[in-house]
Structures are given as structure tokens and as C-alpha cells.
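This report refers to the structure that appears directly beneath it.
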Amino acid sequence: MTFYTPNSTQYSVILHPQKSPSNTIMLQEESINAKWHTPAIGRIKDYAQLLKPNLSIMVVFSSVIGYLMAPGISFAWKEVIILFAGGILVTGGANTINQILERYSDKLMKRTMLRPLPDERMHKIEAWVFAIITGLTGSILLGYFFNPLCGVLSFVSLLLYAFAYTPMKKVHPIAVLIGAIPGAMPPLIGWVAATGTLGGGEGVGGWVLFLIQFFWQFPHFWAIAWVGFDDYLKAGIRMLPSKEGKTRFTGLQCMFYSIVLIPMAIVPRIIGLTGNIGMWVCMLCGLMYFAASVAFYKNNDFKSAKRVMFASFIYLPVVLLALFFDKL
């Protein structure tokens with residue numbers, strides 16, 4: 001980041017001695033304005049980093065699809081924007097708390113060491129205030145505009161992610177299982193936003209979407225943990241299922257969880273959530289995910305781990321869109 005100082009203004013004047021006093025004053029004013037604008041822009045970027053926008057958008061996307069998949073719900077900009085905004089705020093609050101609690105670990109890893117907290121560009125108190133405001137505002141927004149259960153579920157998912165999954169990452173690989181619960185809740189929250197219930201016949205569709213996203217996460221998490229193993233090891237984070245680290249057992253576990261998604265593709269069709277096209281697309285995506293996991297088990301190398309990771313990036317949005325566009 002470039003900061004403008006009085007010296008930089010003097011330097012400009014020396015280079016241009018022919019400039020009039022009025023031009024010199026303008027240059028000084030620009031220099032002073034730059035002092036204020038640059039830190040402000042930098043702080044906005046820091047807040048954006050706390051939100052983890054790439055992760056948050058994917059989470060909110062699945063929540064919106066869950067809402068639109070509910071019976072009798074059609075696309076309406078107002079509801080979608082509110083759901084999107086509430087989801088971004090709740091997810092951003094959870095991500096911020098995650099970064100507060102892991103600020104010392106993040107300092108040890110290359111991919112995270114330049115985040116606002118480990119790089120000491122932001123104090124933890126400021127981050128806590130930001131997390132509380134975003135998390136509570138998002139939950140209240142969802143509870144007010146949709147229904148109280150939706151708001152409560154979103155806040156519970158924040159608490160699970162921030163205070164159960166995050167600290168457990170340094171204790172035991174079961175953290176992946178714990179993290180998969182709040183990670184699978186967005187489509188269920190979207191469904192509840194539309195229906196106001198978790199039970200009975202009305203709640204079944206939401207739980208099916210929850211299970212699809214729940215099983216999807218395990219190969220996704222483990223592939224990322226395998227690729228970033230050395231960085232995670234420096235920070236004392238344990239994500240792989242084997243104590244021995246990068247063994248074939250990780251690929252075997254990826255095979256187990258990805259193969260579950262193939263028969264799971266039939267369930268939305270059975271309960272009348274989607275049509276045949278949606279079912280077949282989901283099955284094909286499940287087969288792709290499983291094939292990548294098999295190759296990972298056989299080769300147990302960086303290249304095959306990245307293939308599982310990229311397959312996970314393809315699987316979820318394609319499956320959710322297929323279910324939505326073939327909604328019955």
C-alpha cells in the first residue's frame with residue numbers, strides 16, 4: 001500500500017518548479033486527502049477479508065437455493081436480497097470470530113499471515129465489535145423478515161462454527177464432522193425461511209438438502225487439508241482423518257463420503273423435490289466426485305488431491321442449480 005507524505009508533495013514541487021503557488025497548494029491538498037482516503041480504503045479491504053467473501057457467497061448461494069426450492073415459492077428480488085444480506089452478515093460474523101480465535105495460528109501460515117489480525121493491522125477488540133454487529137444484525141434480519149426459527153437457526157450455525165468447529169481444529173480431526181453441521185445448515189435455513197418449519201412433510205425437503213451438503217463437505221475439507229498439510233502442521237491444526245498425516249486413508253474416507261452422494265441423488269426425485277433431469281445431473285456429479293476420490297486414494301499425491309478439491313467446487317453449485325431448475 002502506498003502512503004502519501006509531505007515529502008512526496010515536496011518532491012513533486014521540485015520536479016515542477018514552474019508550477020504556480022495555487023498548483024502547489026492543490027498538490028498539498030491531494031496529498032492530505034490521500035492520507036485519509038488510503039487508510040479508509042485499506043480498512044474496507046480489511047473488513048472484506050474478515051467476511052471471507054468467496055466462502056460467504058457460496059454459503060449464501062446454497063441458502064437462497066434452499067429457499068427457492070420450497071413448495072409454492074417463486075423468485076422475488078426483495079426476499080432473495082434480504083436472505084442474501086442476512087446470510088452474508090451471519091457468515092461474516094462467524095468467519096470473523098474464526099479469524100480472531102486463530103490469529104496466532106494464521107500468523108504461522110503463508111496463506112493467512114497477511115490477514116488483518118495476524119498482520120496486526122487490526123486490533124482484536126475492533127474485530128470482536130465487527131463480528132458481534134454483523135452476526136446479530138444478520139440473525140435479527142432473517143428472523144424479522146422471514147420467521148423467528150430462521151433467525152435462531154442462523155445464529156446457532158454461527159455459534160457452532162465459531163465456538164465448536166474452530167477450537168476443535170487444533171484438538172482432533174473430528175472437527176471436520178463438527179464443521180460439517182453448520183456448513184450444511186444454509187440450505188436448511190433457506191428452506192425454513194420459506195416454510196417456517198423443520199418437521200413434518202414440509203420439513204423433509206430441507207433435511208434432504210442438508211444431507212447432500214453435509215456429505216459433500218468431507219472430501220472437500222480433506223482435499224483442502226491434504227493440499228495445505230504443511231501449512232496446517234505449522235499452525236498445529238489437525239484436519240486429516242489419519243494421525244499419520246498424508247496417507248491413503250484420506251482418499252479412502254473421501255471415497256466413502258462421495259459414494260453416498262450417488263444414491264442420495266435419487267431422494268429429491270422420490271420426495272417430489274425435483275424431476276428426472278435434476279436427478280440424473282446429481283447422479284453424474286456424484287460419480288465425478290467419487291471418481292476423483294478413487295484416483296486420490298490410488299495416487300495419494302498433490303495432483304489427485306487438487307482434483308478432488310476442484311471436483312468439490314464443481315459439484316455443489318451444479319447440483320443445487322440442477323435441482324432448482326428442474327424443481328417440481
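Summary of computed values
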quantity	calculated
Axial C-alpha extent at least 15 Å, average Kyte-Doolittle at least 1.0 - helices from the chain (DSSP)	53-69, 77-101, 124-145, 148-160, 175-195, 248-264, 276-299, 302-325
Cβ-defined net charge surrounding PHE145, 11 Å radius [Lys, Arg +1; Asp, Glu -1]	0
Mean Cα-pair separation over length for the chain, i.e. relative contact order, pairs under 8 Å, 6 or more apart, %	15 percent
Which of VAL308, ALA265, GLY251, positive extreme of dipole for the range 221-328 (C-beta unit charges)	GLY251
Given LYS124/LYS243; LYS52/LYS243; LYS169/LYS246; LYS124/LYS306, the pairs whose alpha carbons are separated by over 27 Å	LYS124/LYS243; LYS52/LYS243; LYS124/LYS306
Inter-probe distance in nm under a simple model that places probes 7 Å from Cα toward Cβ, at PHE163 and ILE44	3.4 nm
Probe 1.4 Å, accessible area per residue of the range 153-221, Å²	33 Å²
Given charges at beta-carbon only (K, R positive; D, E negative), |dipole| of the chain in Debye	760 debye
Sequence-distant residues sharing a close amide H with THR274 (under 5 Å, placed H)	ARG269, LEU328
Cα→Cβ-extended label distance, 7 Å offset, between ILE81 and PHE302, nm	4.6 nm
The chain, accessible surface, carbon-and-sulfur percent (1.4 angstrom probe)	70 percent
Percent of alpha-carbon pairs separated by more than 23 Å within the range 243-328	28 percent
Computed helical MRE - 222 nm, the chain, DSSP H runs ≥ 4 contributing -39500 (n - 2.57), nearest 500	-25500 deg cm²/dmol
Partners for LYS78 among lysines (Cα-Cα distance below 22 Å; same-chain residues under 8 apart left out)	LYS327
Net +/- balance of residues flanking CYS254 in space, Cβ distance below 14 Å, scoring K and R +1, D and E -1	+4
Gyration tensor (Cα) of the chain, equivalent ellipsoid semi-axes in angstrom	42, 26, 19
Spatial separation of Cα centroids for the range 208-229 and the range 279-317, in angstrom	11 Å
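The values are calculated or read from the model by the stated rules, or taken from the named source; none is laboratory data. Fair warning: this is a prediction, and the values are worked out from it, not measured in the lab. No Cβ is skipped: glycine too gets one built from the backbone with ideal geometry, and neighbour counts run over all protein chains shown. Remember, those area values only see protein heavy atoms, side chains included, never the ligands or the DNA or RNA. Shrake-Rupley method; radii C 1.70, N 1.55, O 1.52, S 1.80 Å.
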